[in-house]
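Notes follow the structure.
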Amino acid sequence: MRRMHSAGGIGRCGLVALVVACVSAAALGDVRVSLRASARVAMDGPVTLGQIAILQGDESAALEDVVLVPVAREGLKGHSAWFEISVERVREVLAARGVRMATLELRGSVCAVMPMGGRTVRTIEHEDEAMRAAPDLEIHAGSVGEAVGGALVRAMGVERKDIRLRFSRRDRALLEMPSAGRSVDTRIAGRGDRMSVRVTVYAGESIVRSETIRVGVEVRRLAMIAVGEIRRGQRIGDEHVRDERRWMAGSARVATEVLGRVATRTIPAGHTILAHEVEREVVIERGDLVTVTCVSGTVLIEIRNMRARKDARVGDVIELESADGHRRVMRARVSGPGRAVLDAGGGM
């Protein structure tokens, strides 16, 4: 009787807890709970197990409505647009509800929860809006988006402060996914104002997510700026240009050498000079007579009255023929106006 009395000392609350545990164990059987990589939920609603995990098993429906966070908004910290729910948190909540953990198989490590609605997120209205528009998404430290940004910084050969990236709203779930405990592989295809990036996220030996996204790219580079209008064919000197760091499209190829070059088109004042807008000055025109210096070891021989077969710039290798009617032909490298060099030992 004493033993019966001792057992009865559990009390009403204890008996209720015992009944709940027994019912839960009997009702659930074997259930597999696999955390999703990410999940979107209502900002002012609860976060339930059914929202952040895939539940499998005959009696898995009994766990779908288990509340992990009473109000999703409360999980956000600072300006973050997402928060994490770990598998440890899931285990803790289920154990507190009296669920017998021996009947469960928990998979995954964390789920990135993104509350939607009632929160201001910086976006642009149109995909083709100017590059200086604010980015579609705020990329946070420790996210897949940060890894993608780092890869683009390296690909463009600039520092982080000298690049602006514009991501699409469509890629939000992938970019805001936490990268902690995961490996992020990025493959960049080509160069342009909008670059294609193949992103694959690994968790151990499993692929969590794999997508190709498009990213708008703008970089700040040191460029040569036209001080005043530079006319087509004009030779560019110090007085015509100034250097300045400017933002430009990622595909822009700025001219790195402009002094002594010739403008291929009229360049307006204040314009960033691009590579295709300047060229080396023509120093030999077709039909000009050229003196060729032949070099063979320490011996130098000059051959005069060789006629150029085409226009040429310093550094170009051109064909020349004798002007005395014998039509001897040679190839030499242009060294300046009316002059070329032939390395008799090395050839051209």
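Every read-out reported here was derived from the displayed coordinates using simple, explicitly stated rules and does not represent laboratory data. These numbers come from a predicted model, not from an experiment. Here Cβ is always computed from backbone atoms with ideal geometry, including for glycine, and neighbour counts include all displayed protein chains.
Listed by Cβ neighbour count within 10 Å, with the fewest neighbours leading, M156, M177 appear as M156, M177.
Neighbour counts of other C-beta atoms within 10 Å: give me I54, I303 arranged from fewest to most.
I54, I303
Fewest neighbouring Cβ atoms within 10 Å first, the residues S206, S109 line up as S206, S109. Of the peptides 284-297, 31-44, the ranking by mean beta-carbon count within 10 Å, highest at the top, reads 31-44, 284-297. Placing unit charges on each Cβ (+1 for Lys and Arg, -1 for Asp and Glu) gives region 144-218 a dipole about its Cα centre, and among G150, G204, G216 the Cα reaching farthest toward its positive end belongs to G216.
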